[in-house]
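Peer 1: Could you have a look at this structure, given as structure tokens, before my questions?
The values are calculated or read from the model by the stated rules, or taken from the named source; none is laboratory data. Predicted model, so just to flag it, every value in this text is computed and none were measured. Methodologically, a virtual Cβ is constructed for each residue, glycine included, from the backbone with ideal geometry; neighbour enumeration extends over all protein chains shown. Just the protein is used for accessible areas: all its heavy atoms, side chains included, with ligands, DNA and RNA removed. Shrake-Rupley method; radii C 1.70, N 1.55, O 1.52, S 1.80 Å.
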Amino acid sequence: MAKTHILGFPRIGAQRELKKSLENYWNHKINQEELLECGRQIRQSNWKIQHDSGLDFVTVGDFSYYDHVLDTSALLGVIPSKYKHDTTTAINLNTIFSMARGKSPDQEDVTALAMTKWFNTNYHYMVPEFEQNQQFKLSSSKLFDEIQEAKSLGYNVKPVIIGPLTYLWLGRSDNFDKLSLLPQLIETYNEILAKLFQLDITHVQIDEPILTLELSQKWQEAFGLAYKQLKTNGIKLILTTYFGDLGDNLKLIKSLPVAGLHIDICSNSKQLVTVANEWSCNKILSVGIINGRNIWKNDLNKSFEILKQLKTKFDENLWVASSTSLLHSPVDLTNEKSLNPEIKRWLSFAIQKIEEISILGRGVNYGINLIKDELEQNAQDIESKSTSTLIHDSKVQNRISTIDAATDKRKNSFEQRIKSQDEKLNLPLFPTTTIGSFPQTSAIRKIRQEFKHGLLTKDAYIKSIQKEIKSTISHQEKLGIDVLVHGEAERNDMVEYFGELLNGFAFTSNGWVQSYGSRCVKPPIIYGDVKRPKAMTVKWTLYAQSLTNKQVKGMLTGPITILSWSFVRDDQAIKDTALQIALALRDEVCDLENAGINIIQIDEPAFREALPLKKNDWQEYLDWAVYAFRIASSGVSDSTQIHTHMCYSSFNDVIQAIADLDADVITIETSRGNLELLKAFETFNYPNQIGPGVYDIHSPRIPSTEEIINQVNKMLAYIPKEKLWINPDCGLKTRGWPEVEQALHNMQLATNQLREQHGI
């Protein structure tokens, strides 16, 4: 019989139970046992869903109270000394929270680990920090405890662990080769496997997603050496890859002593033929045929035909699976009561994806007649989407056809523009600003909810939001910030807000996906052609500008980020959808300028995140991504200053493309990585202005004035003072007002001292 399984399940809970419990714990509203109980309930619910749907395995080890990479660091004892962990004891939950947040309920403040994007997704992982004499030691029983928990409930358990090579790849090492740590790391992995053997585990999902990257010969050789030294004790290792195709790494994988291979055919379906032909029928082939990263219903009839052919070769060694962990999908479509029914029938969330896997598994094992009704219904749903009148807008298509060669270019170069901007804006040396959002308090959320549910009139809503804007402007003026923002009180999310005002988007009520820790996002669904019916931000921004003589930035989310942080339609090229969004934003940018707003920020935190994993595919993406941004931003005069913002990513390899965006000012997150990102500017003369984040907003700790001054002085080694802006790492919506005010006060005080040092 073919087997069925998933690579992982969302851990936040169907109603974001984990988010709420985490934040209550951090705020001392519940104790640790109450938090742990919430985790137990979510885990056991997830296992029950998998078991009751008929999957052959329940996946264990995918649950985390913060991040699965951080959990692996805890498992392996990779705990930097600044967290003061007693290495003779098991790591506790509060140490994990200190590593993740820089703060926990019972430990003193300390800087958090660096955080960056998980491959090309919007999930953030905590970057392991390796020391040259790093010692690996089993320091957490969490994985083994959860296996025993699941087995005690009668489930057939398949643990998931991050593979040793991927774990090393994800980490940071200063001035030494990470691969030098591999021999001792393998010894610790062998201890893990020995414990799993003692727990009667038969199969282990060992995730090595770096096998979808272009690996150097040194890393390829390391795979061969490492896996030959793993002592499986008869446990069958399922080498698991996702987010891309194996390419030339297939030859390497075939030589490894593993019992099976998982491939993601949703990211690249072309690899299936090659892998199916070359992979031994005596080994397991797990086919990731249900998309774990998007929410469109699978074409079950098409998938069934593919699997039926594979079954003839692989027989009981064929496994049917999700392409990736379902971590990247919302939990349950049945919770959506207000979605357009026509659109809803096209969708599939995590629970529904499990059902799709189960249907395909039954069909492959017992024949098409057993799933005939499900296939017929699915065919009707797929047909409904392809013929729907909701999807296409002829006006959008016609506008795209009229774009000319000048549409994506500013009138003059930055050197000429900055003169006009300096004259109009008259900003001091080291101008200070924030990235856009200010604290989203419970009062603000209540205002939006009451208006959404008809409990507040439109006039009352406008007055309430204006009151919040006025307060935010007043706070910034008192702090002495140079370029202000309106605070975004009216916005639920930086992508969802714009999607609600654009045609072609649909929205969920409970379609939450984890971004990091307790931070969840609710991605919009782009189902059709995108168009802006009317101005989206002008009135709010103009109101804020009317309250002050200082410059107020117009705040927009860029086309690549709206694209990347949405569930995107799959019936046209993604670059075409990006261009539609860019044209809609271009109209908004021009309307802001015409209304008298002189600084406009178009955020692109997902620009680097969306980069394809293989370098051969980079240039095509960068060409259309840069083009989309420039379409959105280039309709303004020289004196209007365009800003953009980018989040945690490595910019070194795409720095030319970032310069090609031609934004007048770019702000980037740098503080968690000890300014590592600024090394990109050592050899590249970035032409425009830049604001590296001077403190980490993802941590509740407040930076001192001296700390910020030290950060800026380090920045000045890379960036000329005339080009340097001073700002936090990112938006402030997740922070509370007391810490925001103190942190910004220290930032402004540091800036004033720096100006004095430089004779201003």
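Peer 1: Kindly sort Phe684, Phe567 by accessible area of their heavy atoms, largest first, with the probe set to 1.4 Å.
Peer 2: Ranked list, largest accessible area first: Phe684, Phe567.
Peer 1: Which order do peptides 638-645, 117-124 fall in by mean Cβ count within 10 Å, highest first?
Peer 2: Taking the mean over residues of other Cβ atoms within 10 Å, the ranking is 638-645, 117-124.
Peer 1: Between region 202-263 and region 64-137, how many Å separate their Cα centres?
Peer 2: 25
Peer 1: Please list, or write none, the lysines whose alpha carbon is within less than 19 Å of the alpha carbon of Lys84, excluding same-chain residues fewer than 8 places away.
Peer 2: Straight-line reach from Lys84, under 19 Å: Lys103, Lys137.
Peer 1: If you wrap region 201-325's Cα atoms in a convex hull and average its projection over all directions, what's the area in nm²?
Peer 2: So the mean shadow area of the Cα hull is 7.7 nm².
Peer 1: Over region 677-760, average the accessible area per residue using a 1.4 Å probe and give it in Å², no decimals.
Peer 2: I get 40 Å² per residue for region 677-760.
Peer 1: Let me ask you something else. Relative contact order (percent) for region 251-305, with alpha-carbon contacts under 8 angstrom and 6 or more residues of separation?
Peer 2: 38
Peer 1: Here's a follow-up. Counting only heavy atoms of protein chains, what accessible area per residue, in Å², does region 513-639 have with a probe of 1.4 Å?
Peer 2: Roughly 30 Å² per residue, with all protein chains present.
Peer 1: I've got another one for you. Provide the per-residue ³J(HN,Hα) series for region 506-521, in order, calculated from phi with Karplus coefficients 6.51, -1.76, 1.60 and θ = phi - 60°, each as a whole number of Hz, with x at glycine and proline positions.
Peer 2: Whole-Hz 3J(HN,Hα) from phi for region 506-521: 10, 9, 9, 9, 10, x, 7, 9, 6, 9, 6, x, 8, 7, 10, 10.
Peer 1: Let me ask something additional. Percent relative contact order of region 599-709, based on C-alpha pairs within less than 8 angstrom and at least six residues apart?
Peer 2: 25
Peer 1: If you don't mind, another one. So how do Tyr366, Tyr66 rank on accessible area, 1.4 Å probe, biggest first, that is with the largest at the start?
Peer 2: So the residues, ranked largest to smallest area, are Tyr366, Tyr66.
Peer 1: Counting Lys and Arg as +1 and Asp and Glu as -1, what is the net charge of the other residues whose Cβ lies under 15 Å from the Cβ of Gln217?
Peer 2: Net local charge, Gln217 excluded: -2.
Peer 1: Quick one: accessible area per residue over region 98-199, 1.4 Å probe, rounded to a whole number of Å²?
Peer 2: 38
Peer 1: Reported to two decimal places, what Rg/Rh ratio describes region 656-760 when computed on Cα atoms with Rh from the Kirkwood expression?
Peer 2: Expressed as Rg/Rh, it is 0.97.
Peer 1: Hey, any idea what % of the chain's accessible area is carbon plus sulfur with a 1.4 Å probe?
Peer 2: That share works out to 48 percent.
Peer 1: In addition: For the chain, take the convex hull of the Cα atoms, compute a quarter of its surface area, and give me that in nm², please.
Peer 2: The number I arrive at for the chain is 31.3 nm².
Peer 1: Let me ask something additional. Pairs Lys48/Lys372; Lys467/Lys534; Lys151/Lys231; Lys522/Lys615: which are spaced more than 32 Å apart, C-alpha to C-alpha?
Peer 2: In this structure, not one pair exceeds 32 Å between Cα atoms.
Peer 1: At a Cα cut-off below 18 Å, give the aspartates and glutamates reachable from Lys19, other chains included and same-chain residues fewer than 8 away excluded.
Peer 2: Hits, sequence-local ones excluded: Glu33, Glu34, Glu37, Asp62, Asp67, Asp71, Asp332, Asp493.
Peer 1: Radius of gyration and Dmax for region 355-403's Cα atoms, expressed in Å?
Peer 2: Spelled out, the Cα radius of gyration and Dmax of region 355-403 are 18.2, 54 Å.
Peer 1: For the peptides 170-177, 478-485, what is the packing order when you average, over each peptide's residues, the other Cβ atoms within 10 Å and list the highest mean first?
Peer 2: Averaged packing, sorted descending, gives the order 478-485, 170-177.
Peer 1: Which entries in the list Lys3/Lys158; Lys337/Lys452; Lys424/Lys721; Lys236/Lys614; Lys29/Lys470; Lys82/Lys195 go over 23 Å, if you measure between the two C-alpha atoms of each?
Peer 2: Check vs 23 Å cut-off fails for Lys236/Lys614; Lys29/Lys470; Lys82/Lys195.
Peer 1: Then there is this: I'd like to compare 403-412, 377-386, 39-48, 597-606: which one has the highest average count of other Cβ atoms within 10 Å, and what's the full order after that?
Peer 2: In descending order of packing, they fall as 597-606, 39-48, 377-386, 403-412.
Peer 1: Also: Largest first and in whole Å, what are the equivalent-ellipsoid semi-axes of region 396-466 based on the Cα gyration tensor, each being the root of 5 times an eigenvalue?
Peer 2: Semi-axis lengths for region 396-466 are 38, 26, 11 Å.
Peer 1: Let me test this: with uniform point scatterers at the alpha carbons of region 1-40, what is the Debye-based log₁₀ I(q)/I(0) at q = 0.16, 0.26, 0.27 1/Å?
Peer 2: -0.47, -0.84, -0.88
Peer 1: Taking the Cα-to-Cβ direction at Glu756 and at Asp587 and moving 7 Å from each Cα, how far apart do the two end points lie in nm?
Peer 2: 5.1
Peer 1: Once the Cα atoms of region 156-271 are picked out, what are the Rg and Dmax in Å?
Peer 2: 14.1, 44
Peer 1: A further question follows. Compute and list, largest first, the equivalent-ellipsoid semi-axes of region 150-205 from the alpha carbon gyration tensor, each √(5λ) rounded to a whole angstrom.
Peer 2: 29, 12, 7
Peer 1: What number comes out for the charge environment of Val513, summing +1 per Lys or Arg and -1 per Asp or Glu over other residues with Cβ under 13 Å away?
Peer 2: +3
Peer 1: What value in Å³ per residue do you get for the convex hull of the alpha-carbon atoms in region 312-436?
Peer 2: That works out to 305 Å³ per residue.
Peer 1: I've got another one for you. Largest first, what is the accessible-area ranking of Thr683, Thr434 with a 1.4 Å probe?
Peer 2: Greatest to least solvent exposure: Thr683, Thr434.
Peer 1: Quick check: the angle from helix 300-314's long axis to the longest principal axis of the chain, C-alpha only, nearest 10 degrees?
Peer 2: Taking the Cα atoms of the chain, the angle to 300-314 is about 40 degrees.
Peer 1: A follow-up question, please. What are the residues whose amide H is under 5 Å from the amide H of Ile668, where those residues sit 5 or more places off or on another chain and H is modelled from the backbone?
Peer 2: Met646, Gly691, Gly693
Peer 1: Using 0.36 nm times the number of residues separating Ser637 and Asn340, minus their current alpha carbon distance, what extension gain do you get?
Peer 2: Computed gain between Ser637 and Asn340 is 102.8 nm.
Peer 1: Report the local net charge at Tyr627: Lys and Arg +1, Asp and Glu -1, summed over other residues whose C-beta lies under 15 Å from its C-beta.
Peer 2: Once positives and negatives cancel, what remains is -3.
Peer 1: Also, quick follow-up: For the chain, what relative contact order do you get, as a whole percent, if you take Cα pairs closer than 8 Å and at least 6 residues apart?
Peer 2: Relative contact order of the chain: 13 percent.
Peer 1: Can you give me the solvent accessible area of Phe505 with a 1.4 Å probe, rounded to the nearest 10 Å²?
Peer 2: 20
Peer 1: Could you pull out the chymotrypsin sites (Phe, Trp or Tyr not before Pro) across region 603-659 that fall in loop regions by DSSP (anything but H, G, I, E, B) with no more than 15 other Cβ atoms inside 10 Å?
Peer 2: none
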